[in-house]
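Written out below as structure tokens is the structure these notes cover.
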Amino acid sequence: MNITINNTQVEVVSGETLIESARRVGIEIPSLCYVKGKKHISSCMVCSVKDCKTGQIIPSCTTVPTEGMCIDAESEEVQNIRALSLELLLSDHRADCEAPCSMVCPKGLEIEQMLNLYDTGRHEDAYAVINAAFDLPTVGCDDCKVPCEKVCRRASVDKAVPIRKVINELVEKNAVAGSTEAKKDGNLKSRTGSKSDKNLFQSRLGRFTVKEKDWLKKHVDAPSGCLHCACAGNVGCKLRQYATEAGIKRPRYEASSAAQVMKKQYVTGKMWFEPAKCIRCGLCVYNSNNGFTFKDRGFGMQIVIPDESRGNVGEELAELCPTGALYCV
């Protein structure tokens, strides 16, 4: 059986869907709810293509080709539909791709990574992050106006994280010649992506509600006070990748997720689940046996994992998540 995709004749392999036929011949079609070889149901519409004969917009991840089908997978119309689908998904996705403090540091210090190491007791590693950015023993923020503290998310809850104080504390404790020099050469992996690339899509948490502020005050008690708002899954996030490729730099619509911001649920092993980042694609539901499940219907539908079901899933499930809502640390 033969079909045409973007004016290219493609011979279809039995059992293939449109997206599989296209990708096999080098025509890339994005998708968030589809992973080859895994159970799925079309939901994101990021893989939309146009049937040139009927004029219909169809999901390529579940559509089975028919003889003589003519598919448009690259026109401006198709690209606009995919971009709109991404915009709508982003409106229900509350997350900071990068921590605001790290983004504004004039010295390029990975502040959120440094604070994460500090809060988990890895002080020498935290010092190594500072050492990689500053020409120690000169501390790069001694004469700085600390824009990092001015944009700190914690400031809207109660008070900003005392970032400069933490840096000085770490430098004073660890400024021993050669104590961490070996770690300065890149052995520590950055938790963030290439945030210096201004073309990268940047998600934003939006304003915290009164209830969220109260919850954060009670439940986020790291030694530094940091909320750790940078997404742990931002590097491999397909939502961010496709938003960037579509030329989206900021969400068009106000975030409307009903999920509790920054509420992280332990799943198993090193795996965590953050519902506010979930786009409800269902991959974790369809590919776990009595693990993740759907709750409610319509716009209020959520993906949850009951406590009694956590033992039924494995860490490999995190690899299917397209947004970093499900991740391993």
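The values are calculated or read from the model by the stated rules, or taken from the named source; none is laboratory data. None of these values were measured; they are calculated from a predicted model. Cβ sites come from the backbone with ideal geometry, for glycine too, and all protein chains shown count toward neighbours.
In the stretch 200-218, the qualifying residues are those that are surrounded by fewer than 17 Cβ atoms within 10 Å (Cβ to Cβ) and either touching a Cys at 6+ places or on another chain (Cβ under 6 Å) or of a type in the set (Val, Ile, Thr) (or both), and the one that is modelled with the lowest pLDDT is THR209. In this structure, CYS281 qualifies as under 18 Å from SER85 (Cβ atoms) and either of a type outside the set (Val, Ile, Thr) or modelled with pLDDT of 95 or more (or both).
Here's the yes/no breakdown for (1) surrounded by 15 or more Cβ atoms within 10 Å (Cβ to Cβ); (2) at negative phi; (3) touching a residue at least 40 places away in the same chain (Cβ under 8 Å):
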| position | (1), (2), (3) |
| --- | --- |
| ALA276 | yes, yes, yes |
| CYS284 | yes, yes, yes |
| SER288 | yes, yes, no |
| PHE292 | yes, yes, no |
| ARG297 | no, yes, no |
| GLY300 | no, yes, yes |
| PRO306 | no, yes, no |
| LEU317 | yes, yes, yes |
| THR323 | yes, yes, yes |
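Is it fair to say LYS165 is assigned by TED's automatic domain parsing to the domain that holds ASN116, modelled with pLDDT under 90, part of a helix (DSSP H, G or I) and charged (D, E, K, R)? First the steps, then the outcome.
Details: assigned by TED's automatic domain parsing to the domain that holds ASN116: yes; modelled with pLDDT under 90: no; part of a helix (DSSP H, G or I): yes; charged (D, E, K, R): yes.
Criteria not met by LYS165.
Comparison of ILE29, ILE19, ILE58 shows that the only residue that is under 30 Å from PHE299 (Cβ atoms) and part of a helix (DSSP H, G or I) is ILE19. Residues in the stretch 34-57 that are in contact (Cβ under 8 Å) with a residue 12 or more places away in the chain and in contact with a strand residue (DSSP E or B) (Cβ under 8 Å, 6 or more places away or on another chain): SER42, MET45, CYS47, SER48, VAL49, LYS50, ASP51, CYS52, LYS53, ILE57. The lone criterion from (1) surrounded by 18 or more Cβ atoms within 10 Å (Cβ to Cβ); (2) farther than 20 Å from CYS33 by Cα left unmet by GLY269 is number (1).
Kindly indicate whether THR17 is at pLDDT 95 or above and either among the hydroxyl-bearing types (Ser, Thr, Tyr) or closer than 30 Å to ALA133 by Cα (or both). So THR17 passes the test.
For ARG240, the criteria (1) charged (D, E, K, R); (2) touching a Lys or Arg at 6+ places or on another chain (Cβ under 9 Å); (3) surrounded by 21 or more Cβ atoms within 10 Å (Cβ to Cβ) hold in every case but one, which is (2).
Among the residues of the stretch 260-289, those identified as under 24 Å from HIS219 (Cβ atoms) and either assigned by TED's automatic domain parsing to the domain that holds CYS44 or of a type in the set (Phe, Trp, Tyr) (or both) are TYR266, TRP272, PHE273.
Matching residues to (1) over 20 Å from ARG154 (Cβ atoms); (2) out of contact with any strand residue (DSSP E or B) (no Cβ under 9 Å at 6 or more places or on another chain):
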position	(1), (2)
LEU89	yes, yes
ARG94	no, yes
SER102	no, no
GLY108	yes, yes
GLU124	yes, yes
ALA128	yes, yes
ALA132	yes, yes
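Collect the residues in the stretch 263-317 that are of a type in the set (A, V, I, L, M), out of contact with any Lys or Arg (no Cβ under 8 Å at 6 or more places or on another chain) and not in a strand (DSSP E or B), keeping them in residue-number order. ILE279, VAL285, ILE305, VAL313, LEU317 - these are the residues of the stretch 263-317 that are of a type in the set (A, V, I, L, M), out of contact with any Lys or Arg (no Cβ under 8 Å at 6 or more places or on another chain) and not in a strand (DSSP E or B). When ASP158, ASP197, ASP221 are checked against the criterion of being acidic (Asp, Glu) and either modelled with pLDDT under 80 or in a helix (DSSP H, G or I) (or both), a single residue qualifies: ASP197.
All of (1) at pLDDT 95 or above; (2) not in a loop (DSSP other than H, G, I, E, B) hold for VAL46 with one exception: (2).
Between ARG154, ARG122, ARG82, the distinction of being among the basic types (Lys, Arg) and under 30 Å from VAL210 (Cβ atoms) belongs to ARG154 only.
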